[in-house]
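Heads up, the thing below is written out as structure tokens.
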Amino acid sequence: MNKLDDIKNFKLGLYVHIPFCKKRCIYCDFVSYVENNFDEYTEYLLKEIDLYKEYLNSGIDTLYIGGGTPSIFPIKNISKIFEKLEPYISNNAEITIEVNPESFTKENAQFYKKIGVNRISMGLQSADDVVLKKSGRLYDFETFIRKFDIAKRYFDNINVDFIIGLPGESWSTIGKNVQFISDFLPDHISVYMLEVHNDKNNSVLKKPDDQTFQRYDDFLNAISGFGYERYEISNFALNGKYCKHNLKYWANTDYVGLGISAGGHIGFLRYNNHESFSDYFISISEGKFPRAYESLNTPEREALETTFMNLRTMLGVDKEYIKEKTNIDISPVMDALKNKFDFFDGKKLSEKGMDFSNLFFVTLLSFWEEYFR
């Protein structure tokens, strides 16, 4: 696996947000809209790319097209974006696009392959049709398998997403998920626990209970049994097919986010774009970065963010890298955490530690405030 020494020498990462969906899923927290102003949005994306020329000229070695549902975005619009980005994309760059089964076609696959996409991320969420229907997904499991087969014909690096805790889930659901993995062995798997926030007025979604957590643990154990490497809390890879783009997030290196609601991190600057089309369009029309929020981190804040992100991975925290980057020595905090938790060796969390990461990170923050207040 890449070491953090390798990751910190990566070139710039680029995320492009395509915020359109045919229908919003009941559990979705991402910024997405059931609208079709594709052409207008594309023209403003192209203008935003121009605003970042100074940064993009250094070269992009990972590009991630996310959403929303990028696979409903017309081919001609995707083509315009890639034509604009082509001068900046390095040879052998990792280029990922997210797709949903109901909108992914053979024609999509052929086009994506032609323009240089080499990694597909497919949202399955569950292999159980009852769960898919109750969650508002627009396909059944049989449809997913057909579309997964199309993806396999054209790409040799495919991620499949799962969410544990969706409405209608049972132990049978986990069995179906495991059977899919056993039968098809996707190159990469992402597994997330459903998050239900207090501001969600939706009685269909329920916060995970003990049974849900047990199903989550059993699913992760089954994944490991098939030879997947848990290289990050929520991510598992076969044969070293890690997501290089996401490694940049976890190493807290530089990446630019384009499109409404996209976030970026450049040097010590962290930002998020506007979430509404109108605010996004107005800012770009005025020649401004379309940011709703931006903050220049202090060295201490940058060190804290980097520590949090590093600790999500099996690589753990690189204290020397953080000190070189921020001039902050985090050793006292790491030593205190090592003395408190038997699943932390002072550098990285064990498999058990990843399962208790929420408790660990709360304690980390408490110790941090004690040492750096």
Looking at the stretch 147-193, which of the residues that are open to solvent by 10 Å² or more (accessible area, probe 1.4 Å) and touching a Pro at 6+ places or on another chain (Cβ under 8 Å) is nearest to Glu232 (Cα to Cα)?
-> Met193
Is one or more of the residues making up the stretch 294-303 out of contact with any helix residue (DSSP H, G or I) (no Cβ under 7 Å at 6 or more places or on another chain) and of a type in the set (Val, Ile, Thr)?
-> yes
Search result, residues across the stretch 139-176 that are under 18 Å from Phe226 (Cβ atoms), in contact with a strand residue (DSSP E or B) (Cβ under 6 Å, 6 or more places away or on another chain) and in contact (Cβ under 8 Å) with a residue 40 or more places away in the chain = Asn157, Asn159, Asp161, Phe162, Ile164
Consider only pairs whose beta carbons are under 9 Å apart and that are at least six residues apart or on different chains; among these, list those whose first residue lies in the stretch 296-320 and is on the phi > 0 side of the Ramachandran plot and whose second residue is of a type in the set (S, T, N, Q).
-> Gly316/Asn310
Could you grab me the full set of residues in the stretch 213-253 that are open to solvent by less than 10 Å² (accessible area, probe 1.4 Å) and among the β-branched types (Val, Ile, Thr)?
-> Ile223
Find all pairs meeting these conditions: Cβ atoms under 9 angstrom apart; at least six residues apart or on different chains; first residue within the stretch 239-252 and under 19 Å from Gly267 (Cβ atoms); second residue open to solvent by less than 10 Å² (accessible area, probe 1.4 Å) and in a loop (DSSP other than H, G, I, E, B).
-> Trp250/Leu311
Which condition breaks for Phe10 when tested against (1) crowded, with 18+ Cβ neighbours inside 10 Å; (2) modelled with pLDDT under 95; (3) in a strand (DSSP E or B)?
-> (3)
Output the residue which, of all residues in the stretch 126-138 that are open to solvent by 20 Å² or more (accessible area, probe 1.4 Å) and touching a residue at least 24 places away in the same chain (Cβ under 8 Å), is farthest from Asp209 (Cα to Cα).
-> Leu138
Do we find a residue being small (Gly, Ala, Ser) and at pLDDT 95 or above anywhere in the stretch 237-252?
-> yes
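The values are calculated or read from the model by the stated rules, or taken from the named source; none is laboratory data. Since the model is a prediction, treat every value here as computed from it, not as a measurement. So basically every Cβ, Gly included, is an ideal-geometry build from the backbone, and we count neighbours across all protein chains shown. Heavy atoms of the whole protein, side chains included, go into the accessibility calculation; ligands, DNA and RNA do not. Shrake-Rupley method; radii C 1.70, N 1.55, O 1.52, S 1.80 Å.
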